[in-house]
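Engineer: Attaching a single structure in structure tokens format; questions to follow.
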Amino acid sequence: MRATILAVVLAVSAASCAASPPSTAQSGQSAQDQTTQGSTAQTTTAPTPTGGGKQEPAVKAEITMQGKPGVGLLAATNQGTTPITFQGWPKLTFTNAAGGPAAIPVEQKLVPGEGPSITLQPGQTAFAGVQFDTDDTTSFAINEITVELPGMLPAKVRFIGTDGQPIANVSSMKVSEAKVGTMQPATQGVLLFD
């Protein structure tokens, strides 16, 4: 009798071990997110980066044009619900009037100096200076600019004029090349290009 009960217990145990793991479609998690401790399985959820490991918070990017022609202040605000951390230069990408990529060179400058590691809490803003050079012979009429903070996904830039009002028609702006400074936690010195 004991041998029969033992055989049934072993058969049930073997069947439960051979059972397929829970479907990842049902649990909404990959096999990498599942860990096993002892004989009980625990599921852990970690934030999944998108875009090849890049963070995907909501970032609002604005360039406010300054009194000096072609100089703008880039302000990147974390509108997400979690902190974001980055360091270095923002990447600027331009599109032409037809909506295609515009081959506008962007030079990274150490303005005002090395970029520190910055952690923006939700609602906080970091800054960089941008200088647009215009040369009628090699300039492109631009349709839009996107900015990509290091490790983040790109965000469309909204332009603000020297009067504090949004610039509705950016296509009137023609750019031949640009310079961008390092991201900084404050505006001090970010507009001091050569």
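Every number here is computed from the coordinates shown, using simple stated rules; none is lab data. As the structure is a prediction and not an experimental result, all values here were calculated from the model. Cβ placement follows ideal geometry from the backbone for every residue including glycine, while neighbour counts extend to all protein chains displayed.
Engineer: Going from the alpha-carbon gyration tensor of region 135-182, what semi-axes, largest first and in whole Å, does one get by taking the root of 5 times each eigenvalue?
Structural biologist: Each semi-axis is √(5λ); the values are 20, 16, 11 Å.
Engineer: Can you give the charge dipole size of region 59-180 about its Cα centre, rounded to the nearest 20 debye, using +1 on the beta carbon of Lys and Arg and -1 on the beta carbon of Asp and Glu?
Structural biologist: On the way: 8 positive and 10 negative charges, 51 e Å.
Approximately 240 debye in magnitude.
Engineer: Ok, one more. Which GluC sites (Glu not before Pro) does region 101-173 hold that lie in a coil by DSSP with at most 16 other beta carbons within 10 Å?
Structural biologist: E114
Engineer: Could you run the Karplus curve 6.51 cos²θ - 1.76 cosθ + 1.60 with θ = phi - 60° over region 185-194 and give me ³J(HN,Hα) per residue in whole Hz, x for Gly and Pro?
Structural biologist: x, 9, 7, 4, x, 6, 9, 8, 7, 3
Engineer: For region 138-178 and region 77-108, what is the separation of their C-alpha centers, rounded to whole Å?
Structural biologist: After rounding, the separation between the Cα centres reads 9 Å.
Engineer: Let me ask you something else. Cut-off under 18 Å on the C-alpha distance; same-chain residues fewer than 8 positions from K91 excluded. Which lysines are left, in chain and number order?
Structural biologist: Output for K91: K54, K60, K109, K156, K179.
Engineer: When a/c reaches 1.5 or more, the comparison of a/b and b/c decides; with that in mind, is region 59-180 rounded, prolate or oblate per its Cα gyration tensor?
Structural biologist: Numbers: a/c = 1.70, a/b = 1.57, b/c = 1.08.
Cα axes put region 59-180 in the prolate bin.
Engineer: What is the sum of charges around A128, taking Lys and Arg as +1, Asp and Glu as -1, for the other residues whose C-beta is under 14 Å from the C-beta of A128?
Structural biologist: Once all neighbours under 14 Å are counted, the net charge is -1.
Engineer: Hey, another quick one. Within 10 Å of each residue's Cβ, count the other Cβ atoms and sort I142, I160, I63 from fewest upward.
Structural biologist: Details: I142 20, I160 17, I63 23.
Placing the least packed residue first, the sequence is I160, I142, I63.
Engineer: Follow-up. What length, rounded to one decimal in nm, is gained on full extension from T134 through to T93, with 0.36 nm per residue of separation minus their alpha-carbon distance?
Structural biologist: So the chain would gain 13.1 nm between T134 and T93.
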